[in-house]
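What follows is one structure encoded as structure tokens, with my remarks underneath.
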Protein chains: 2
Amino acid sequence: MNIGQAAEATGLSTKSIRYYESQGLLQAQRQANGYRHYDRACIRRLTLLSRARSVGFSLQECAELLALFDDQKRHSKDVKRAVQHKIAQLDKQLDNLTRMRNTLEELAHRCTGDEKPQCAILSDLSESERPMTFTLLEDSHE
Amino acid sequence: MNIGQAAEATGLSTKSIRYYESQGLLQAQRQANGYRHYDRACIRRLTLLSRARSVGFSLQECAELLALFDDQKRHSKDVKRAVQHKIAQLDKQLDNLTRMRNTLEELAHRCTGDEKPQCAILSDLSESERPMTFTLLEDSHE
DNA sequence: GGTTGACCTTAACCTTGGGGTAAGGTTTAA
DNA sequence: TTAAACCTTACCCCAAGGTTAAGGTCAACC
């Protein structure tokens, strides 16, 4: 299997696949012409990468999942812990986005939304006197 | 006001303030010694930037908000529309994260989480035969 | 044999929103 | 006077690739 077919099979871009290789997440065999060759084991790694990325794991975290994947003596509880940790991270992000959303709702609510230039949103965003709750972005510190 | 005080007053870092200036979001006056000087109008712009960033606006979008801020003939409905557009974006992100979270919950649920190496999570992530729903990342295409 | 088009290769620059550090000038206070 | 605490620009760094560029390969068709 060439890289194009591997991409097709896993839903990744060829660029991503090469990038993952450059980051040490997999090693592809080379054919005589220099083309990369992907066997079933490689495709499984790429599938894992594709899916783990799609549920929010960073490449660093994917590397840890792959290490467990490769370890025949792993404990499934370690894998489960990684997943639960990621769930907790997503919960933080969800909470954060929800608070941002609520602030925006409140801003929009206070704006008349007409043809006049007076705008509660711009006032609320720019005036220091206003004691509104402005939620910080921050994807949590890890 | 020097940049340090402006940073203190707005909750931004000095680095961010200089970066915003480099991106054309504001122009600070210079003092005789080359130091930037911030007056009240500048502080209001920075406050707007800080708060707009904290509720999820990109710098590009902040530029649009500032353009409205500067326009004495703006219509408050245009500001409101921008906010509602941002709310819709956040809703997409929330939906996406929620689906990722649900997938992870399902994965965790299927894993025994013990000392054995068999792990439903790793199987689900790596095996092509599995017809699970894997939510794509993607912050929506804008 | 020649050519076209679809592959593949590496390299290098672009993105977002700054963080970190270097190397140096200024100001202030002890 | 000298040290601390400011300020300046300039450079490289991060994730996770996307996007050319410039070129090698391969298969099919004429």
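Extending 7 Å from the Cα toward the beta-carbon at both A:Ser128 and A:Gln27 defines two label points whose distance is 6.0 nm. Here's the list of aspartates and glutamates a cross-link from B:Lys92 could span, going by alpha-carbon distance under 12 Å and ignoring same-chain residues fewer than 8 apart: B:Glu138, B:Asp139, B:Glu142. On a C-alpha basis, how far is the centre of the stretch A:61-101 from the centre of the stretch B:92-116 in Å? Whole number, if you could? A separation of 9 Å, based on Cα centres.
Here the relative contact order of chain B, from alpha carbon pairs under 8 Å that lie six or more residues apart, stands at 17 percent. Sorted shortest first, the distances from the A:Ser58 label point to those of the same residue in the other copies are 2.2 nm; each point sits 7 Å from Cα along Cα-to-Cβ. Each other copy places its own label point for A:Gly24 at 4.2 nm from this one, sorted shortest first, where the point lies 7 Å along the Cα-to-beta carbon line. Remark: mean inter-chain Cβ contacts per residue of B:37-47 equal 2, using a 10 Å Cβ-Cβ cutoff to other protein chain atoms. Averaged over peptide B:112-124, the number of partner chain Cβ atoms lying within 10 Å of each residue's Cβ comes to 6.
Give, to the nearest whole percent, the P(r) tail of chain A beyond 24 angstrom, counting all Cα pairs.
Cα-Cα pairs in chain A separated by more than 24 Å: 54 percent.
Straight-distance candidates among the lysines for linking to A:Lys116, with alpha-carbon spacing under 17 Å and chain neighbours fewer than 8 residues away dropped: B:Lys73, B:Lys77, B:Lys80. A:Ala67 sits among other residues whose Cβ lies under 13 Å from its own Cβ, and their net charge, with Lys and Arg +1 and Asp and Glu -1, is -2. Result for chain B in a Gaussian network model with C-alpha springs under 10 Å: among B:Lys73, B:Lys86, B:Lys116, the largest mean-square fluctuation is at B:Lys116. Evaluated at q = 0.10 Å⁻¹, the base-10 log of the normalised Debye intensity for the protein assembly as shown, with identical point scatterers placed on the Cα atoms, takes the values -0.71. For chain A, a Gaussian network of Cα nodes joined below 10 Å ranks A:Ala108, A:Ala82, A:Ala67 by mean-square fluctuation, and the top entry is A:Ala108. Overall, the stretch A:1-122 carries a charge dipole of about 500 debye about its Cα centre when +1 sits on the Cβ of Lys and Arg and -1 on the Cβ of Asp and Glu, all other atoms neutral. Using a Gaussian network model of chain B in which every pair of alpha carbons under 10 angstrom is joined by a spring, one finds that among B:Glu106, B:Glu21, B:Glu129 the greatest mean-square fluctuation is at B:Glu129.
Around A:Leu107, under 9 Å between beta carbons, what's the net of Lys plus Arg minus Asp minus Glu among the other residues? Please list the in-between numbers first.
Numbers: positive: A:Arg110, B:Lys80; negative: A:Glu105, A:Glu106, A:Asp124.
With Lys, Arg at +1 and Asp, Glu at -1, the net is -1.
Ranking B:Gly113, B:Leu48, B:Tyr38 by how far each Cα lies toward the positive end of the dipole of chain B (charges on Cβ) leaves B:Tyr38 at the top.
Amide H contacts of B:His37: B:Gln29, B:Arg30, B:Gln31, each under 5 Å away and 5 or more positions distant or on a separate chain (H built 1.01 Å from N in the peptide plane; Pro and chain starts excluded). For peptide B:51-61, the mean count of partner chain Cβ atoms within 10 Å of a residue's Cβ comes to 5. Distances, shortest first, from the label point of A:His37 to those at the same position in the other copies read 7.2 nm; the point lies 7 Å along Cα to C-beta.
We did not get these values from a lab; they are worked out from the coordinates using the rules stated. Fair warning: this is a prediction, and the values are worked out from it, not measured in the lab. Here the Cβ is made from the backbone with ideal geometry for all residues, glycine too, and neighbour counts use every protein chain on show.
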